[in-house]
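The structure under discussion appears below in the form of structure tokens.
Just so it is clear, none of the values below were taken in a lab; they were calculated from the coordinates. Fair warning: this is a prediction, and the values are worked out from it, not measured in the lab. Here Cβ is always computed from backbone atoms with ideal geometry, including for glycine, and neighbour counts include all displayed protein chains.
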Amino acid sequence: MLILRERRGHTETLTLNRPEAGNSLNPPLMEELGLALQDILDDVDARAVVLTGAGDRIFCAGMDLSSLGNWSESDADAERPGARALADFMAGNYRKPLIAAVNGAAVGGGLELVMACDLVVAADTARFGLPEVKRGLYAAGGGTVLATRIPQALALELGLTGRLIGADRAERFGLVNQVVTAGTLMETALGLADEVAANGPLAVELTKRLMRAAVSTGPAAGLATPDESASIFRSEDAREGAAAFMEKRSANFVGR
């Protein structure tokens, strides 16, 4: 299997499983990733996703250049099972929250996977970069919008030189939320995912969408419509949240 799956509570962990090839991206792996993401969308009990890579050196080395000639238009066919979920994920439009647990180098398409996630926990050995220009290519999977996540000067430095930066610098400029030791990476990422998953799923989904829209489209897009607000404030989860607060207990959200 090219994508390993593990469930803990409301959190699903997806592991890129091509360690012999740096967990690099080829059509079969991307298809499995899309199918897994679609399954999670269809599972009301899954409320958060952690994405990581197999091994302890490389999160994802980007596109598998040895398979470059094997990519075809059919691989991007929106009608293929899982293709829409994968496309939404890469575009930042996936409905459920995603946490990247970056266990090593995240370069090229690997950095684009990190950018597609909402929160990022990195091992102190992790490195980030867009080396495509060194191969006569460009960051076609979303790396060209890196300046929406970090200062433009740093984004251009990575995009134009192909340099890599360490986890500490990535954290300093806001690409990474937290840097931890490699031994505590998964524990930290899963704890963060559990914290997100404990909240009202309808509220989390709307908050994620509006906050991303405010950056990609403009501040006005980050404001909910009256119907969207009503759907939250009239929900069963909102009533449960208020009751739990008054009763000084943890809320039991159901996503309705």
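Structural remarks
- Using the Cβ of Gly166 as centre and a radius below 13 Å, the other residues enclosed give a net charge of +1, where K and R count +1 and D and E count -1.
- Averaging Cα coordinates gives a centre for region 31-54 and one for region 233-256; these two points are 26 Å apart.
- Nearest-ten-degree value, helix 236-246 long axis tilted from longest Cα axis of the chain: 70 degrees
- For the chain, relative contact order (Cα pairs under 8 Å, six or more residues apart, normalised by length) works out to 16 percent.
- Overall form of region 81-199 per C-alpha gyration tensor (a/c, 1.5; a/b vs b/c): oblate
- According to the Cα-based calculation, Rg over Rh for region 168-256 is 1.07, with Rh computed by the Kirkwood formula.
- Antiparallel DSSP beta bridges within the chain, percent to nearest 5: 30 percent
- Calculated [222 nm] ellipticity per residue, helices only, for the chain: -11000 deg cm²/dmol; basis is -39500 (n - 2.57) per DSSP H run with n ≥ 4, divided by all residues, nearest 500.
- Put the Cα centre of region 138-157 next to the Cα centre of region 167-181 and the gap is 16 Å.
- Interchain or long-range residues, amide H under 5 Å from Thr125's placed H: Ala182
- Read-out percent of Cα pairs over 34 Å apart, derived from the coordinates shown; its label in [x] 23; [y] 17; [z] 42: [y]
- Those lysines that a straight Cα-Cα span of less than 25 Å connects to Lys208, excepting residues fewer than 8 apart in one chain: Lys96
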